[in-house]
Amino acid sequence: MSLISQVQTIIAGDPVRWRILQLVQELELPDCWVAAGFVRSAVWDHLHQRSASPLPADIDVIWFDCEQTSRELDARLESILRRKDHRVNWSVKNQAHMHLRNDDLPYASATDAMTCWPETATAVAVRLGVNGEIEVAAPLGLDDLFNLVVRPTTKFQAEKRQVYQDRLRSKNWLATWPGLKLFETW
């Protein structure tokens, strides 16, 4: 089974995550994905043979539209999702404006933005396609995710190294997933 098929199977087998994908799909946003810990944690829990995978502290919904870049719109979308499910801490961000906060060049798409995230294993997203199949975006591949490797992306190996190091300390992933292999840059 391919790694993409494994992601699809893991997410499809989780009714809570499936429902979140349905709620996000209802927004009908362009280039829209549920990303980062939503997928990463489910895969790592599966690889650590946990029967249930709790949701991460926040659910990252990313989308891309150069014509609608107001932060107020992102806040309204979060509010809409909160009304649909108030138990979830929604984080909605149009990646068309996130390059400003991240001090990067403008992104070309949501998946392009993911290539600038801190860890390779986190740069993964899913969404429901029009046919109801789970689509997977992994612009940096899925090998690190499935090999339990936490590795910095290119920018976080050098110019943003401190951010990566701070994330390793604050996330304390080894306490939850002891099988991880952390690539530290210091």
Item checked: Whichever residue in the range 137-162 is in contact with a strand residue (DSSP E or B) (Cβ under 9 Å, 6 or more places away or on another chain) and in a helix (DSSP H, G or I) and, among such residues, is farthest from Val124 (Cα to Cα) -> Arg161
Next item on the list: Considering only residues that are surrounded by fewer than 22 Cβ atoms within 10 Å (Cβ to Cβ) and more than 19 Å from Ala158 (Cβ to Cβ), look in the range 108-126 and name the one that is nearest to the chain's Cα centre (by Cα).
Entry: Thr111
Note to self: Pairs please, first residue from the range 1-22 and at positive phi and of a type in the set (A, V, I, L, M), second anywhere and assigned to a helix (DSSP H, G or I) and buried (at least 19 other Cβ atoms within 10 Å of the Cβ), Cβ atoms under 8 Å, 6+ apart in sequence or on different chains.
What the structure shows: none
Next item on the list: Filter the range 130-164 down to residues that are of a type in the set (S, T, N, Q) and over 19 Å from the mean Cα position of the chain (by Cα) and give me whichever is farthest from Ala36 (Cα to Cα).
Entry: Asn131
Notebook entry, point to check: For the range 57-80, does any single residue satisfy the condition of being assigned to a helix (DSSP H, G or I), over 15 Å from the mean Cα position of the chain (by Cα) and touching a residue at least 40 places away in the same chain (Cβ under 8 Å)?
Noted result: yes
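All of the numbers you see were taken from the coordinates with simple rules; none came from a lab. Computed from a prediction, not measured in an experiment: that's the story for all the values here. Because the Cβ atoms are built from the backbone with ideal geometry, glycine has one as well, and the counts that use them run over all protein chains shown.
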